[in-house]
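Everything below concerns the one structure shown next.
The values are calculated or read from the model by the stated rules, or taken from the named source; none is laboratory data. A quick note: this is a predicted structure, and the numbers were derived from the prediction, not measured. Heads up, the Cβs are rebuilt from the backbone with ideal geometry, glycines too, and the neighbour counts pull from every protein chain shown. Please note that ligands, DNA and RNA were not included when accessible areas were found on the heavy atoms of the full protein model with its side chains. Shrake-Rupley method; radii C 1.70, N 1.55, O 1.52, S 1.80 Å.
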Amino acid sequence: MTPFTTISGAAVPMLENDINTDQIAPVPTKRSLKPDYRELLFFRARRRDDDTLDPDFVLNRPQFAEPRILVAGHNFGCGSSREAAVWALVAVGIRCIIARSLADLYRENCLQNGVLPIELPMEAAVAFEARVLASDGAEPFAVDLYSQTISGPGGAPIPFEIAAADRIRLLEGLDDIGLTLKHQQDIAAWETRTRAASPWLQSAIRWEPAEVQENVL
Amino acid sequence: MSVSPYQPQTLFDKLWSAHLVTQRLDGRDIIYIDRHVLHELHAPHAFEKLQAASRGVRRSDLTFSMQDHTVATKPGRTETTNPDSAQFLRAMRAGSYRNGIRLFDIDDAEQGISHVVAPELGMVLPGATHAVPDSHACTVGGLGALAFGCGTTELEHILATQTIALKRPKRMRVRLDGSLGPFVTAKDVALRIIAEIGVSGGRGYAIEYAGAVARAMSIESRLTLCNLTIEMGARSGFVAPDDTTFAWLEGRPYAPRGPEWDRALAHWRTLTSDDEAFFDREVVINCAGLEPQITWGTDPSQVIGITQRVPDLAADPETKAKMERALAYMGLEPGTSLLGLPVNRIFIGSCTNARITDLRAAADIIRGRQVAAGVQALVVPGSTTVKRQAESEGLDRVFLDAGFLWGESGCSMCAGSNGDRGLPGDRCVSTTNRNFEGRQGRGVRTHLVGPEMAAAAAIAGRIVDQRSSF
Ligand code: SF4
């Protein structure tokens with residue numbers, strides 16, 4: 001995983017609450033195993049009814065052509081578990097989301113992909129959003145995970161909180177599977193214990209052929 | 001602090017500690033996953049990454065593969081009926097085969113939506129942990145399992161380690177008091193809860209549904225109730241298992257048998273929250289007098305009772321803007337009634353409401369009647385097993401004679417991943433779980449309801465109260 005240390009660049013305001021994964025990365029009409037994630041990002045919101053790009057949509061405005069930070073309201077990323085909704089952000093260069101709050105699953109998916117999810121308390125969020133709106137992409141904002149600060153035009157640096165474990169994982173770009181595999185012995189021990197105590201959990205055997213299935217519903 | 005000899009525990013605490021392998025260096029809990037069910041939309045990516053990292057699947061014997069999201073529903077379908085789907089179906093087949101995972105392929109007699117198939121085959125067990133790379137994994141909480149929807153990287157993590165690394169959620173209990181009136185279902189209860197606590201009210205919690213209403217529910221209803229847990233923002237939701245659960249499960253193909261069943265049963269009877277156990281949040285909903293519910297907006301908390309009116313705009317500017325946007329998309333005005341609103345599309349299906357009981361309830365309303373002119377109505381059973389059962393009861397004839405389309409099992413119009421979609425401006429009454437903008441096709445206006453109301457709307461060609469004559 002790409003480590004996250006500091007980034008700097010355009011901070012894009014999308015301040016609505018409850019922006020869901022169907023909005024962030026909609027199911028495309030033509031599905032592909034390897035879609036163009038840049039294209040996928042806010043695919044519908046970016047377009048008008050006649051399929052032309054909507055010049056007013058924030059990500060279509062020239063000052064946000066190279067976005068780095070997304071600024072969101074409450075519960076950003078609610079809805080489905082699709083990780084494409086994070087991959088699409090990464091594809092256009094966004095590595096940090098600063099929100100009033102993020103949906104649980106979405107936040108996990110961010111951490112898995114080196115995207116820093118920051119949740120600001122209400123008062124700090126309101127002040128920061130005002131600065132982002134005032135700057136309107138004219139000057140960059142910077143996020144520093146070492147010092148845990150957000151800085152940029154319009155005021156003093158803003159400190160943010162993040163769980164120590166998540167911070168280290170992002171800073172060092174730790175591979176999540178690798179972290180767990182360090183505990184393979186514990187996993188094997190759990191399996192042995194459970195095989196003795198609750199054997200039905202450790203085996204998924206089919207007892208009867210399909211035909212006998214009738215009438216169990 | 002003195003250590004008390006007896007600490008009352010919630011059911012969640014019991015399941016969590018039973019599955020806790022250890023705590024990881026970064027402070028996350030490693031939780032063992034007893035059953036892992038994959039689907040073709042997300043698993044192929046994970047298979048590919050696993051192979052690239054030269055990692056194997058730790059417990060292919062506890063893993064199952066399902067083709068559900070992209071399969072065509074057209075009778076006589078093949079993997080190329082929907083040309084875009086073939087790449088997903090083939091990659092899933094190849095990946096499952098390579099890793100020794102039992103695949104329920106498109107033509108399998110037990111294929112279907114994972115959240116429907118896993119319970120009905122008894123893959124899910126009370127007190128077991130369960131994961132699916134799909135947010136509605138929570139559905140199987142209806143059997144008293146602790147389930148987690150997960151992302152693609154998490155899915156790869158589970159394949160490689162048979163565990164998931166999580167922060168321990170807080171505990172919420174939603175107590176459902178009273179009893180349900182005629183034609184009022186688990187779907188209505190779930191929509192009401194979302195209306196009360198909001199789409200992020202469950203964020204950071206595991207929810208236990210309790211109370212007289214949950215206890216009186218059939219397993220199918222409990223599965224419906226738990227299905228909507230993620231729409232409250234919670235990853236896991238469950239109902240403690242009881243005699244209803246055990247009776248439903250006994251004899252299913254993957255459920256334990258003989259002495260092992262007896263042993264399991266004795267353990268399952270201990271799976272309740274202790275009296276006095278502490279919950280971080282308690283919500284009480286009185287279901288007496290609850291009427292059938294319907295969504296008017298574009299998130300599942302924008303819900304009213306069928307005889308109520310679309311609410312007036314909120315005073316708070318943020319909520320107001322959100323409501324205005326939803327109303328504009330839905331083509332509705334504040335203060336109006338949804339009763340009588342013309343509709344042109346009906347979908348009865350999805351992991352929420354496509355089990356046999358749902359189809360029976362809908363068929364009871366439709367029997368001997370005709371779908372209104374200009375309405376396109378589609379029923380897609382939640383699994384091929386459900387489809388077969390419905391056909392053996394003659395329900396397919398009831399639907400077909402009324403003018404419904406009768407599809408092969410899959411997710412279909414729930415998310416449109418298989419190409420089943422509406423057209424811009426369609427007003428669709430749907431038994432699914434998400435009414436997001438564009439979910440059922442660009443510009444499609446979705447109203448979430450239970451199967452009875454969807455059936456009634458198909459016949460009337462407009463939104464009606466299924467309790468009235470229409
Ligand atoms: S039916 Fe809908 S919600 Fe359920 S698994 Fe399929 S796409 Fe997801």
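Within the group A:Val126, A:Val115, which residue is within 14 Å of chain B (Cβ to nearest Cβ) and open to solvent by 20 Å² or more (accessible area, probe 1.4 Å)?
Only one candidate qualifies: A:Val126.
Which one is nearest to the other protein chains (Cβ to nearest Cβ), of the residues in region B:375-385 that are within 16 Å of the ligand (Cβ to nearest atom) and open to solvent by 20 Å² or more (accessible area, probe 1.4 Å)?
Result: B:Thr384.
Is it the case that some residue within region B:444-461 is away from the ligand (no atom under 13 Å from the Cβ) and within 14 Å of chain A (Cβ to nearest Cβ)?
Scanning region B:444-461 turns up at least one residue that is away from the ligand (no atom under 13 Å from the Cβ) and within 14 Å of chain A (Cβ to nearest Cβ).
Kindly establish whether B:Phe279 is within 16 Å of the ligand (Cβ to nearest atom), under 25 Å from the mean Cα position of the chain (by Cα) and open to solvent by less than 20 Å² (accessible area, probe 1.4 Å).
Criteria not met by B:Phe279.
When region A:23-69 is examined, which residues are found to be open to solvent by less than 30 Å² (accessible area, probe 1.4 Å) and at the interface with chain B (Cβ under 10 Å from one of its Cβ atoms)?
Of everything in region A:23-69, those that are open to solvent by less than 30 Å² (accessible area, probe 1.4 Å) and at the interface with chain B (Cβ under 10 Å from one of its Cβ atoms) turn out to be A:Pro26, A:Val27.
So, B:Thr73, is that one under 30 Å from B:Ala377 (Cα atoms) and in contact (Cβ under 8 Å) with a residue 12 or more places away in the chain or not?
yes
Give region B:262-277 a look and list any residue that's more than 8 Å from chain A (Cβ to nearest Cβ) and not in a loop (DSSP other than H, G, I, E, B), or say none.
Scanning region B:262-277 gives B:Asp262, B:Leu265, B:Ala266, B:Trp268.
Looking at the structure I just gave you, is B:Leu423 away from the ligand (no atom under 16 Å from the Cβ) and within 23 Å of the chain's Cα centre (by Cα)?
Here the answer is no, as B:Leu423 does not meet what is asked.
Go through region B:102-151 and tell me which strands (runs of 3 or more DSSP E), entirely inside it, have 2 or more residues that are more than 14 Å from the ligand (Cβ to nearest atom) and at pLDDT below 95.
In region B:102-151, no matching strands (runs of 3 or more DSSP E) lie anywhere.
Which one is nearest to the other protein chains (Cβ to nearest Cβ), of the residues in region A:171-197 that are open to solvent by 50 Å² or more (accessible area, probe 1.4 Å) and modelled with pLDDT of 95 or more?
Restricting to residues being open to solvent by 50 Å² or more (accessible area, probe 1.4 Å) and modelled with pLDDT of 95 or more, the top hit is A:Asp186.
Return the total of residues in region B:430-456 being open to solvent by less than 10 Å² (accessible area, probe 1.4 Å), over 15 Å from B:Lys187 (Cα atoms) and not in a loop (DSSP other than H, G, I, E, B).
2
Restricting to region B:23-34, and then to whatever is open to solvent by less than 10 Å² (accessible area, probe 1.4 Å) and either modelled with pLDDT under 95 or facing chain A (nearest Cβ under 7 Å) (or both), can you tell me which residue is nearest to the ligand (Cβ to nearest atom)?
Step one: list which residues in region B:23-34 are open to solvent by less than 10 Å² (accessible area, probe 1.4 Å), which gives B:24, B:28, B:30-34.
Checking the rest, the ones that are also either modelled with pLDDT under 95 or facing chain A (nearest Cβ under 7 Å) (or both) come to B:24, B:28, B:30, B:32, B:34.
Details: B:Arg24: 29, B:Arg28: 26, B:Ile30: 26, B:Tyr32: 24, B:Asp34: 20 Å.
It comes out as B:Asp34.
Please state which of the following conditions A:Glu16 fails to meet, knowing it meets all the rest: (1) crowded, with 18+ Cβ neighbours inside 10 Å; (2) in contact with a Gly (Cβ under 6 Å, 6 or more places away or on another chain); (3) over 22 Å from B:Asp134 (Cβ atoms).
(1)
Among the residues of region B:35-43, is there at least one that is within 13 Å of chain A (Cβ to nearest Cβ), basic (Lys, Arg) and touching a residue at least 24 places away in the same chain (Cβ under 8 Å)?
Yes.
Looking at region B:424-436, I want the residues that are at the interface with chain A (Cβ under 10 Å from one of its Cβ atoms) and have a partner that is small (Gly, Ala, Ser) and away from the ligand (no atom under 16 Å from the Cβ) with Cβ atoms under 6 Å, at least 6 apart or on another chain. Which pairs are those?
Sorted first by the residue in region B:424-436, then by its partner, the pairs are B:Pro424/B:Gly443.
Among the numbered criteria (1) in contact (Cβ under 8 Å) with a residue 40 or more places away in the chain; (2) small (Gly, Ala, Ser); (3) open to solvent by 10 Å² or more (accessible area, probe 1.4 Å), which one does B:Ser85 miss?
(3)
In the set B:Arg102, B:Arg77, B:Arg90, which member is out of contact with any Pro (no Cβ under 8 Å at 6 or more places or on another chain) and away from every other protein chain (no Cβ under 12 Å)?
Result of the check over B:Arg102, B:Arg77, B:Arg90: B:Arg77.
Within the group B:Ala372, B:Ala361, which residue is assigned to a loop (DSSP other than H, G, I, E, B) and more than 12 Å from every other protein chain (Cβ to nearest Cβ)? Even if it seems obvious, please write down each step before you answer.
Details: B:Ala361 fails: assigned to a loop (DSSP other than H, G, I, E, B).
Exactly one residue qualifies, and that residue is B:Ala372.
What's the total number of residues in region B:386-400 that are part of a helix (DSSP H, G or I), more than 16 Å from the ligand (Cβ to nearest atom) and closer than 23 Å to B:Trp248 by Cβ?
Within region B:386-400, the first condition is being part of a helix (DSSP H, G or I), and the residues that meet it are B:386-392, B:395-400.
Filter once more, keeping what is more than 16 Å from the ligand (Cβ to nearest atom): B:388-392, B:395-400.
Still in the running and closer than 23 Å to B:Trp248 by Cβ: B:388-392, B:395.
Final tally of qualifying residues: 6.
Answer yes or no: is there a residue in region B:402-419 that is within 14 Å of chain A (Cβ to nearest Cβ), away from the ligand (no atom under 11 Å from the Cβ) and either under 23 Å from A:Leu33 (Cβ atoms) or open to solvent by less than 10 Å² (accessible area, probe 1.4 Å) (or both).
Looking for residues that are within 14 Å of chain A (Cβ to nearest Cβ), away from the ligand (no atom under 11 Å from the Cβ) and either under 23 Å from A:Leu33 (Cβ atoms) or open to solvent by less than 10 Å² (accessible area, probe 1.4 Å) (or both), one finds at least one in region B:402-419, hence yes.
Identify all residues within region B:357-374 that are of a type in the set (A, V, I, L, M) and either within 16 Å of the ligand (Cβ to nearest atom) or at pLDDT below 95 (or both); write none if there are none. Steps first, please.
Initially, region B:357-374 is screened for residues of a type in the set (A, V, I, L, M), giving B:359, B:361-363, B:365-366, B:371-373.
Scanning region B:357-374 gives a single hit, B:Leu359.
So, in region A:134-170, how many residues would count as being out of contact with any Leu (no Cβ under 8 Å at 6 or more places or on another chain) and open to solvent by 50 Å² or more (accessible area, probe 1.4 Å)?
12
Kindly establish whether B:Ala206 is more than 28 Å from B:Pro311 (Cα to Cα) and surrounded by fewer than 24 Cβ atoms within 10 Å (Cβ to Cβ).
When the stated conditions are applied, B:Ala206 does not pass them.
Please find, within region B:51-74, the residue that is nearest to the ligand (Cβ to nearest atom) out of those that are more than 9 Å from chain A (Cβ to nearest Cβ) and not in a loop (DSSP other than H, G, I, E, B).
B:Met66
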